[in-house]
Amino acid sequence: MNVAWQPVVGLEIHVQLKTQTKMFCRCRNGFGGGPNTQTCPVCLGFPGALPVPNRRAIEETIKLGLALDCAIAERAVFHRKNYFYPDLPKSYQISQYDEPLCAQGKLVVPTADGGVTVGITRAHLEEDAAKNVHVAASGRLHGATATLVDFNRGGTPLLEIVTEPDIHDAETAKRFLQLLRQTVVELGLSDAELEKGSMRFDVNVSVRPEGSGELRTRTELKNMNSFNFAAKGIEREIARQIRIYEEGGTVEQETLHFDPAHEEAPPMRSKEEAQDYRYFPEPDLVPVHPPDDLVERLRAEIGELPGARIARIADTLSFYDADVLVTGGLDRLWADVVAAGADPKEAANVLANQFVAAGVDPARVDPAELAKLVSARAEIPRAAFDEALAKTGDTGFSAAPYLEQKVVADTGELDPIIERIIEANPAQAEQYRGGKQGLLGFFVGQVMKETGGKADPRVVNERVRAKLG
Amino acid sequence: MTLDTLRLTAEEADRLLRTKEISGAELFAAYLAAIGERDPELHAYLHVCENPGGDGLPLAVKDVIGTKGIPTTAGSKILESYVPVYDATVIANAKRHGLRVLGKTNTDEFAMGSSTENSAYGPSRNPWDPSRVPGGSGGGSAAAVSGGLAPWALGSDTGGSIKQPAALCGHVGLRPTYGTVSRYGVIAFASSLDQVGPVAKTVRDCAWLYSIISGRDANDSTTVDVPTVELPAGERLDGLRIGVPKEMNGADGIEPGVTEAVDRAIELAESLGASVEECSLPHSVDYGVACYYLVAPAEASSNLGRYDGVRFGLREDGADFREMIMRTRDAGFGDEPKRRIMIGTYALSSGYYEAYYGTAQKVRTVIKREHDALFERYDVLVSPTSPTVAFPIGAKIDDPIAMYMNDVLTIPSCMAGLPGLNIPCGLSQGLPVGLQLVGPQFAENTLFRAGHALEQAIGFDGVPERLR
């Protein structure tokens, strides 16, 4: 039997909001404090303490909801999600259940030929759990005998976004996540830094025969902390499920925990326990009724969104370039550099490659100076260009001194140097002629070194090849 | 001068302080002396404070209300070692008015009960007859006020825990409109029902204490702005429209002596100028208790989850978290909290939620509407507060349902979020009978006015006969 299989992927994303204070108390929300220094009776769940919702966090959730084309609830309700765990001080998490702030939205992930529309089931607000630290008497993790809890993270605002199972391949899932991340960052809601855990995601995967509308048993991949890792995990899981079905087996509902530190290790499995969270409306809070004028004010604050910009810029550049610029947060700088006179394609290449490698904050760059550099790229030495790029973020940066350093492309000047180097390295020259083509780079490198990086690498390449040949 | 703490009202004590006839230290010492004399018998207090200094009135505080630096156990072993790091808002408000915490009063564990027999620290006793219960859960505050061990006290009321003990001990107690008094710092039993309120000797003291503790609180999102409290003064009730719900006054189990005292009070109200009419609350009495015993345990099952041995209170050792928390909760909670945690967990469980918690919430809406409709025609609804006078210790402890039925008349208005005032209206078998006055939301001033005029006309002597 030869069935074509369609993967079905849904995502659940958590984003930590960077509000000044926590979700339901006035403790500072942020990294850096010593363990349990950013705590109070409310976020420690002391007897009698009551939550007071963070207005800012509610507004930011609505804002994201608007950016995701969601309907904003006229009445939203916080619910209690009950379970016991040491990092959950009240034994319930204040979350949202059947009346979330935002529902029924969509995010269009641009593609070369239009876009994939991914439905947003809901976007809601909840509080984060604290952090458990397992320690042993020896102080080492192995053989941990005690659990310590740091409540600094406990009660910080967490945005949860759930998609419809509208994604059918790993690449789209990855690009959806990148686009969502960029959207959240641009709206100023979160730093969404994966390595710090301020953006985390779980992935639900199932497969079904192509053309069928059914939803088969899904597995959940948890602990994803990089876009590539998620894509790889999805691909592996799709392949595994197809293999099971083709061998006549059944996929079991389970959760696969990946260890981000050991990418190659097989995931840990846990049976999906039928957890009963006993959701009920949080009686300590009143329902939220976002006023129309607030919603409209927030809507007005949203600029052109990343997805729309990718589609627009793809008219000028390739779709690939547009995607890289926008999801890399570089397209505004790109537009300014182009406006200052640089070639669009050339500017895109520099920004997406060397500029990113240089690690400069795009917001600190003077586009006019960067435009001068981009336009002179072919004429100034590579080393000088890289050095200049790395300094574009410095206050008062000027391209002028670098533009004066001209690349040496004159063969009359280069040939004697090349000849001297070949003579000094007879063994390597012999090996090259014997077929070891890779040694070309060695000679080019020596010439570049000799000229202090000022030689034109294209010309050097050409001449070395000719002299050795 | 010698102070008779059995008769001294807060208002009178305040006058004595202002005119410097007594000092703050003398006043505090008088209550400590009374406590030393009578509390060994009454067991109203779980903790008695030293005089913190100052010239304010002493205040007894139910032990579910958090007091910074003063042990707060909620009548439970699981909080035996717990000392709050912060004051409840009502305590902060009281301190701002100069009040001094005199001590923490006994309560059924986590305010779950109607007799204080569920306190992990033993029952309090009724000052009128120490072989009988003072009511509950706020029996400690009630016994303290009636026994002259405090000029006034704070209680908390979820389904009748202020009003019912006030009825059984023969003094005044107000359960305020839900949302008028902050719950911040008050150990939660059932969050949508819990309200802190005053326990006092007179309606004027009760109104005064209510004015001190009430008001919107930035730390409790369910609080609202409160109308200015007026201290009642008049003797007439002209224009007051009184409704007498027949189901509340004719409910099964109301003792004849209770009915007689309440009927006399209603006749008295009419003679003071009020109009009196029979009316009906067809569902509130039949379904109130059943509905309450789904909503309150459901919320309690969640609220009591935080007593897990991780951060404060009792901790029993265990091999892992699961075993530690199970052993801690097993050792720390008494039978009644365990019973309600189980009922509540069940009522919220997936598959049962709609049938139990969901239905109870709908019935609650019906009860509220039923009351709202009556308040279009009446200013106040009257009934007995408790169907019986104080019952002997041990009489109902083995029959939870019989114990729950003590609150059959107080629960409906609690479910509707309405204010209710108890005033003593006479004796039956030598024990106090309480009259319940229920008003619409935020109508505390109406209740105070009606309660005060009736109190004057009834002329009830609140000092237990055996202590006079």
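Amide H neighbours of A:THR147 under 5 Å, counting only residues 5+ apart in sequence or on other chains, H built in-plane at 1.01 Å?
A:VAL135
Once you've got the Cα coordinates, tell me which of A:LYS22/B:LYS95; A:LYS345/A:LYS406; A:LYS90/B:LYS201; A:LYS106/B:LYS362; A:LYS345/A:LYS436; A:LYS18/A:LYS391 are over 31 Å apart.
Too far apart for the 31 Å limit: A:LYS90/B:LYS201; A:LYS106/B:LYS362; A:LYS345/A:LYS436.
Enumerate the calculated ³J(HN,Hα) couplings along segment B:399-413 in order (Karplus 6.51 cos²θ - 1.76 cosθ + 1.60, θ = phi - 60°), each rounded to whole Hz, writing x wherever the residue is Gly or Pro.
With the stated coefficients, segment B:399-413 comes to 10, x, 5, 4, 5, 4, 6, 4, 9, 4, 8, 8, 5, x, 5 Hz.
Percent relative contact order of segment B:61-103, based on C-alpha pairs within less than 8 angstrom and at least six residues apart?
35 percent
Let me check I've understood the local charge: for B:ASP39, count other residues with C-beta under 13 angstrom from its C-beta, Lys and Arg +1, Asp and Glu -1. What total comes out? Walk me through the numbers before you get to the answer.
Numbers: positive: B:ARG38, B:LYS104, B:ARG125; negative: B:GLU37, B:GLU41.
Neighbour charge sum, excluding B:ASP39 itself: +1.
Given axes a ≥ b ≥ c from the Cα gyration tensor, I'd like to know whether segment B:238-287 is rounded (a/c under 1.5), prolate (a/b larger than b/c) or oblate.
oblate
Which FRET efficiency value, to the nearest 0.05, is calculated for A:ALA466 and A:VAL356 with the Förster distance at 35 angstrom and r the Cβ-Cβ distance?
Numbers: r = 35 Å, r/R0 = 1.00.
The computed FRET efficiency comes out at 0.50.
How well do other chains shield peptide A:83-94, expressed as the mean number of their Cβ atoms within 10 Å of each residue Cβ?
Neighbouring Cβ atoms belonging to other protein chains average 4 per residue here.
Order B:427-436, B:109-118 from most to least packed using the mean count of other Cβ atoms within 10 Å.
Details: B:427-436: 22.5, B:109-118: 28.8.
Most protected by this proxy first, the peptides run B:109-118, B:427-436.
Sort B:285-293, B:392-400 by packing, meaning the average of other beta carbons within 10 Å per residue, with the highest value first.
B:285-293, B:392-400
Reachable aspartates and glutamates from A:LYS63, Cα under 15 Å, same-chain residues fewer than 8 places away excluded?
Straight-distance partners of A:LYS63: A:GLU74, A:GLU160, A:GLU186, A:ASP292, A:ASP293, A:GLU296, A:GLU301, A:GLU304.
Take peptide A:277-290, look around each residue's Cβ out to 10 angstrom, count Cβ atoms belonging to other protein chains, and average those counts.
Values: counts 2, 14, 3, 12, 3, 5, 13, 10, 3, 5, 0, 0, 0, 0.
The mean count of partner-chain Cβ atoms within 10 Å per residue comes to 5.
When we measure straight from the Cα of A:LYS454, which aspartates and glutamates land under 19 angstrom away, once same-chain ones fewer than 8 places off are left out?
A:GLU379, A:ASP386, A:GLU387, A:GLU404, A:ASP410, A:GLU413, A:ASP415, A:GLU419, A:GLU462
Provide the gained length on full extension for the span A:PHE319 to A:SER398, in nm with one decimal, where the gain is 0.36 nm per separating residue minus the Cα-Cα distance. Walk me through the numbers on the way to the answer.
Working: separation 79, 0.36 × 79 = 28.44 nm, distance 3.19 nm.
Full-extension gain reported as 25.2 nm.
Using amide H atoms built 1.01 Å from N in the peptide plane, name the residues 5+ places from B:THR105, or on other chains, whose amide H lies under 5 Å from its own.
Hits under the 5 Å cutoff: B:LEU46, B:VAL61, B:LYS62, B:ASP63.
What aspartates and glutamates sit close enough to B:LYS68 to cross-link, taking a C-alpha to C-alpha distance under 13 Å and skipping anything fewer than 8 places away on the same chain?
B:ASP87
From the helices alone, meaning DSSP H stretches of at least four residues, give me the mean residue ellipticity at 222 nm for the protein assembly as shown, per-run term -39500 (n - 2.57), in deg cm²/dmol to the nearest 500.
Details: 30 runs with 328 residues, N = 937.
Roughly -10500 deg cm²/dmol at 222 nm, from the helical runs in the protein assembly as shown.
Arranged from highest to lowest average of other beta-carbon atoms within 10 Å per residue, in what order do the peptides A:317-328, B:407-418 appear?
Going by the mean number of other Cβ atoms within 10 Å, highest first, we get B:407-418, A:317-328.
What length, rounded to one decimal in nm, is gained on full extension from A:ASN132 through to A:GLU247, with 0.36 nm per residue of separation minus their alpha-carbon distance?
Value of the extension gain: 37.3 nm.
So how far apart, in nm, are the two label points at B:ARG339 and A:ARG332 if each is 7 Å from Cα heading toward Cβ?
Result for the modelled spin labels: 6.4 nm.
Quick check on chain A: what does the Kirkwood estimate of hydrodynamic radius come out to from the alpha carbon pairs, in Å?
Averaging 1/r across every pair of different Cα atoms and inverting gives 26.2 Å.
For segment A:411-468, take the convex hull of the Cα atoms, compute a quarter of its surface area, and give me that in nm², please.
In nm², the orientation-averaged hull projection of segment A:411-468 is 3.4.
Alpha carbon centre of segment B:12-85 versus segment A:314-392: separation in Å?
If you average the Cα positions of each part, the centres end up 74 Å apart.
Using a 10 Å cut-off on Cβ to Cβ distances, tally the other chain neighbours for every residue of A:35-45 and report the average as a whole number.
Partner Cβ neighbours, averaged per residue: 2.
Any idea what the relative contact order of chain B is, in percent, if you count C-alpha pairs under 8 Å spaced at least 6 apart? Don't skip to the answer; put the middle values down first.
Details: 1168 pairs, mean separation 84.6, N = 468.
Relative contact order, chain B: 18 percent.
With the Cα gyration tensor of chain B in hand, give its eigenvalues times 5 under a square root as the equivalent ellipsoid semi-axes, listed largest first in whole angstrom. Can you show the working numbers first?
Values: eigenvalues 188, 160, 81 Å².
The answer is 31, 28, 20 Å, longest axis first.
Considering only the protein assembly as shown, what is the antiparallel percent among its DSSP beta bridges, to the nearest 5?
85 percent
Quick note: the coordinates plus some simple rules give every number you see, no bench work behind them. If you're wondering where the values come from, they're calculated on a predicted model, not measured in any experiment. Note that we place each Cβ from the backbone using ideal geometry, even for glycine, and neighbour counts take in every protein chain shown.
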